[in-house]
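Note sheet for the following structure.
The values are calculated or read from the model by the stated rules, or taken from the named source; none is laboratory data. Please read all numbers here as calculations on a predicted model, not as lab measurements. Neighbour counts run over all protein chains shown; Cβ positions are idealised from the backbone, glycine included. Ligands, DNA and RNA are stripped out before the accessible areas are found, and what is left, the full protein with its side chains, is counted by its heavy atoms. Shrake-Rupley method; radii C 1.70, N 1.55, O 1.52, S 1.80 Å.
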Amino acid sequence: MSRARGPSGRKRGFFNGEGAMEFFHHLMAEKPLLPFLIPLALIAWTIERWVFSFSNWVPLAVAVWATLQYGSYQRQLIVDDLNKQWRRLITNTSPETPLEPCAWLNKLLLEVWPNYFNPKLSTKFSSTVNKRLKDRKSRLIEKIELLEFSLGSCPPSLGLSGTRWSTCGGERIMHLSFDWDTNEMSILLQAKLAKPFMGTARIVINSLHIKGDLVLMPILDGKAVLFSFVTTPDVRIGVAFGSGGSQSLPATELPGVSSWLVKIFTDTLVRTMVEPRRRCISLPPVDLRKKAVGGIIYVTVISARKLYRSSLKGSPTRRQHSCSTNGSFGEHLTDKDMQTFVEVELEKLSRKTEARSGSDPQWNTTFNMILHEDTGTLRFHLYEYNPSHVKHDYLASCEVKMKYVADDSTTFWAIGPDSRVLATHADFCGKEVEMVIPFEGAHCGELSVRLVLKEWMFSDGSHSSNSYHVRPQQSLYGPSNFLASTGRKINITVVEGKDLPTKDKNGKCDPYVKLQYGKGLQRTRTAHSFNPIWNQKFEFDEIAGGEYLKLKCLTEDIFGNDNTGSARVNLEGLVEGSIRDVWIPLEKVNSGELRLQIEAIRVDDNEGSKGSSLGPANGWIELVLIEAKDLVAADLRGTSDPYVRVQYGKLKKRTKVMYKTLSPQWNQVLEFPDNSSPLLLHVKDHNALLPTSSIGDCAVEYQGLPPNQMFDKWIPLQGVKRGEIHIQITRRVPELDKRSSLDSRPSLDSEMPSNRAQKISSQMKQMMIKFQSFIEDCNLEGLATALSELESLEDLQEEYMVQLETEQMLLINKIKELGQEFLSSSPSLSRRSSGY
């Protein structure tokens with residue numbers, strides 16, 4: 001039998017050397033006079049042995065005394081052990097512990113702040129601030145950009161009055177104060193001001209004061225820590241208005257900007273880290289040093305339980321009455337007629353389940369959703385479906401947060417009953433995680449969901465999937481290691497769509513997709529299906545700095561195009577030579593996905609010399625500004641006086657003004673030497689007295705066009721609600737033009753105008769004969785076919801008329817240029833013309 005530990009073990013081991021020494025030291029500490037008694041005992045023993053004998057009770061008395069002393073020692077050990085156990089038990093089970101000083105924590109933070117926390121937090125917060133500023137703008141600010149971000153060398157003070165621990169529902173919670181008052185912060189913003197100021201201004205945030213109470217909760221056996229503020233903290237921001245640099249306005253205070261910045265900061269804190277909203281710090285055993293910048297997650301809404309109207313909405317008395325603690329549910333309403341559905345929301349992406357009846361509905365609906373960061377919040381909103389009402393009744397909501405962990409795992413957490421924490425951990429991508437989440441603010445009701453983090457994507461182009469870390473070859477998200485000046489192109493192929501929504505009462509769907517990347521705008525052709533197939537490829541120049549590809553799906557309609565969803569994709573981090581095929585769910589709608597194929601290509605210098613690297617002596621850009629349509633009205637009378645100002649690098653030209661129209665026709669040709677400069681079109685409204693106002697602008701992507709081929713396109717205008725401009729652009733190369741003219745063969749486009757006109761005329765006559773025969777025979781199918789052929793023939797005729805008008809304008813301009821050259825080359829004729 002093994003020897004027991006603790007006091008009983010010491011009692012059994014009385015004669016061991018270690019116990020004897022401990023007892024001796026204890027006896028010497030308790031009885032300081034003992035060293036003097038030992039010589040007296042030896043003297044008494046000598047007298048008793050050699051002089052005369054004492055009675056036999058003296059050894060007995062000594063033995064009894066030693067036994068009593070040892071018993072007192074053992075009792076003291078037991079008391080000490082019991083006190084330790086009691087103190088440990090009180091610490092783990094008491095609602096609150098005494099305050100403990102933590103001055104050492106602030107000293108440690110002061111040492112590690114400048115070289116570790118300051119650069120790390122500055123990098124993380126700068127990206128967050130940039131995104132918040134893009135989403136929310138002041139009325140006085142049209143555009144704002146972050147130029148510099150530094151938190152300074154002064155760290156926050158934690159637990160100045162001490163820290164304490166409390167217990168809530170079996171969870172240990174640490175309380176400490178947070179006080180950050182710094183004047184060394186440096187955040188520089190460049191703002192483009194709106195009317196009536198007009199100009200640029202520099203905004204400097206140089207001081208910050210945040211004061212509140214923090215709580216920290218260890219979860220998952222110490223693998224992570226949740227933290228949040230107990231209540232909304234006090235926030236004060238010091239703002240200065242700078243001058244110099246690229247600023248065009250003097251250093252004057254802008255009204256409302258300081259309060260606007262404080263509101264943005266406070267609202268962000270309330271939404272993200274004020275109870276019960278909590279943020280997470282992961283403590284992984286292994287750090288792979290990978291920065292996750294996005295992911296794909298499959299969300300399955302399984303079922304709900306205990307859904308009762310009295311507990312989800314209504315008076316508090318009815319809630320308490322219906323959710324009694326006696327375990328009886330007989331007082332609940334049956335609610336068999338209640339139909340509910342769940343709306344799943346992730347940032348701007350939302351999806352809805354179908355409506356199900358009963359208090360325990362089953363959905364089992366899976367949605368494909370996209371993460372744009374290493375963290376995300378899934379919100380589940382429960383609604384009651386009422387077929388007779390347009391607006392559905394909101395019942396309750398709950399949420400699940402997720403975060404990428406540096407060891408390639410994922411942490412999920414949610415708010416449980418009584419504000420407790422529900423946390424789980426997925427060790428690898430593809431692992432299913434099921435959670436049962438109670439609805440917030442409701443006494444009854446819970447939602448069962450299944451989450452599968454399908455894939456994490458990293459900033460270096462790699463991605464992790466199904467517990468395997470894939471080499472860097474393809475990614476949609478993350479900061480790029482390549483700059484736009486490297487000459488890379490990004491090819492976007494819009495392959496197809498599925499389950500696209502429609503707002504047409506007749507159930508028709510005529511969708512097309514607009515793509516915007518930087519200032520480049522493209523669009524697909526119009527399809528005629530809920531599951532369209534486009535297979536159209538578009539090319540953009542790569543842009544550094546986290547620029548998103550913005551997709552907008554629209555449906556053509558007689559009374560205006562309807563927006564049927566949008567999406568955004570980060571194109572940075574792509575690796576050359578690989579194609580990424582991905583389904584992108586549409587945001588702000590209930591259904592719909594777009595399939596994209598994305599590829600990054602580096603343009604060689606030899607290839608570039610054929611096109612974008614041509615110098616002024618080798619070629620020129622020929623731009624034909626034909627017309628515009630659906631322009632916004634800039635005048636009070638509901639019209640505009642539009643003209644186009646063309647900016648090509650440092651060169652600027654403009655068209656004539658077309659008065660009182662929203663659909664102007666210029667038919668004007670402009671030429672520029674081809675030096676690969678950006679080509680920008682600014683549509684302006686002409687005013688005789690007041691300054692001109694902008695009614696839209698756009699960028700023309702021409703660098704990748706083949707030489708001596710004319711491209712006809714409609715380009716949507718940016719910065720306005722509507723409006724498109726029709727242009728034709730050609731990259732002229734004289735040598736190639738001569739070769740092509742020598743080597744060209746007759747084709748449909750190279751036909752003589754008279755031959756082509758005669759062919760169109762004969763086709764129209766044949767079509768009219770067909771119409772008459774189909775009408776006489778009452779052949780409806782043949783009549784429908786003839787109508788479609790007639791529409792295509794009309795399109796061909798319109799295209800031919802536009803080509804004739806363009807060629808006419810080009811010919812007139814060439815004649816004028818030749819006349820000016822002839823006059824300038826003949827001095828006598830120039831003098832005669834000047835004399836007249």
- Residues whose modelled amide H sits under 5 Å from the amide H of VAL274, counting only those 5 or more places away in sequence or on another chain, are PHE229
- Query: Does the stretch 487-602 come out rounded, prolate or oblate, given a ≥ b ≥ c as the square roots of the eigenvalues of its C-alpha gyration tensor, rounded meaning a/c under 1.5 and, failing that, prolate meaning a/b above b/c?
  - Reply: prolate
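For a quick check of your reading of the filter: which trypsin sites (Lys or Arg not before Pro) in the stretch 355-403 sit in a DSSP loop and have no more than 11 other Cβ atoms within 10 Å? Walk me through the numbers before you get to the answer.
Working: sites: ARG356, ARG379, LYS391, LYS401, LYS403; in loops: LYS391.
Hits after loop and neighbour filter: LYS391.
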- May I ask you to compute the full-extension gain from ASP337 to SER150, defined as 0.36 nm times their residue separation minus their alpha-carbon distance, rounded to one decimal in nm? 61.5 nm
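Please go through the stretch 676-725 and write out the trypsin sites (Lys or Arg not before Pro) that DSSP classes as loop and that have at most 12 other C-beta atoms within 10 Å. Can you show the working numbers first?
Values: sites: LYS684, LYS713, LYS721, ARG722; in loops: LYS721, ARG722.
Counting only loop positions with at most 12 other Cβ atoms within 10 Å, the trypsin sites (Lys or Arg not before Pro) in the stretch 676-725 are LYS721.
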- Task: Pop out the carbon and sulfur fraction of the accessible area of the stretch 103-282 as a percent, whole number, probe 1.4 Å.
- Result: 57
- Note on the structure: Scalar couplings 3J(HN,Hα) for the stretch 706-714 by Karplus 6.51 cos²θ - 1.76 cosθ + 1.60 (θ = phi - 60°), nearest whole Hz, x for Gly and Pro, are x, x, 6, 10, 7, 10, 10, 8, 9
- Label-point separation (nm) for PHE428 and GLU142, each offset 7 Å from Cα along Cα-to-Cβ? 5.4
- According to a simple spin-label model (label point 7 Å from Cα along Cα-to-Cβ), what is the distance in nm between LYS291 and SER676? 2.8
- Kindly state, to the nearest 0.05, the FRET efficiency for LEU108 paired with LYS660, given R0 = 56 Å and r defined as their beta-carbon distance. 0.15
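Estimate the FRET efficiency between THR375 and ILE533 by the formula 1/(1 + (r/R0)^6), using the beta-carbon distance for r and 51 Å for R0, to the nearest 0.05. If you can, show how the numbers build up before the last one.
Numbers: r = 36 Å, r/R0 = 0.70.
Working from the Cβ atoms, E equals 0.90.
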- Sort the following peptides by mean Cβ neighbour count (other Cβ atoms within 10 Å, averaged over residues), highest first: 660-672, 103-115. 660-672, 103-115
- When each of LYS588/LYS660; LYS131/LYS403; LYS489/LYS652; LYS431/LYS588 is checked by Cα-Cα distance, pairs over 25 Å: LYS588/LYS660; LYS489/LYS652; LYS431/LYS588
- To the nearest 10 Å², what's LEU283's accessible area with a 1.4 Å probe? 90
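How much FRET efficiency would the formula 1/(1 + (r/R0)^6) give for GLN362 and GLN597, where r is the Cβ-Cβ distance and R0 is 51 Å, rounded to 0.05? Let's see the in-between values first.
On the way: r = 37 Å, r/R0 = 0.72.
Computed FRET efficiency for GLN362 and GLN597 comes out at 0.90.
Figure the gain on full extension for VAL270 and ASN83 (residue separation times 0.36 nm, minus the Cα-Cα span) and round it to one decimal in nm.
Between VAL270 and ASN83, full extension yields an extra 63.0 nm.
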- Message: How large is the accessible surface of THR232 in square angstrom, using a 1.4 angstrom probe and rounding to the nearest 10?
- Response: 70
- Would you mind checking the stretch 104-135 for residues with the amide N under 11 Å from a putative spin-label position 7 Å along Cα→C-beta of SER186? none
- In the neighbourhood of CYS154 defined by beta carbon distances under 9 Å, the net charge of the other residues (Lys, Arg +1; Asp, Glu -1) is -2
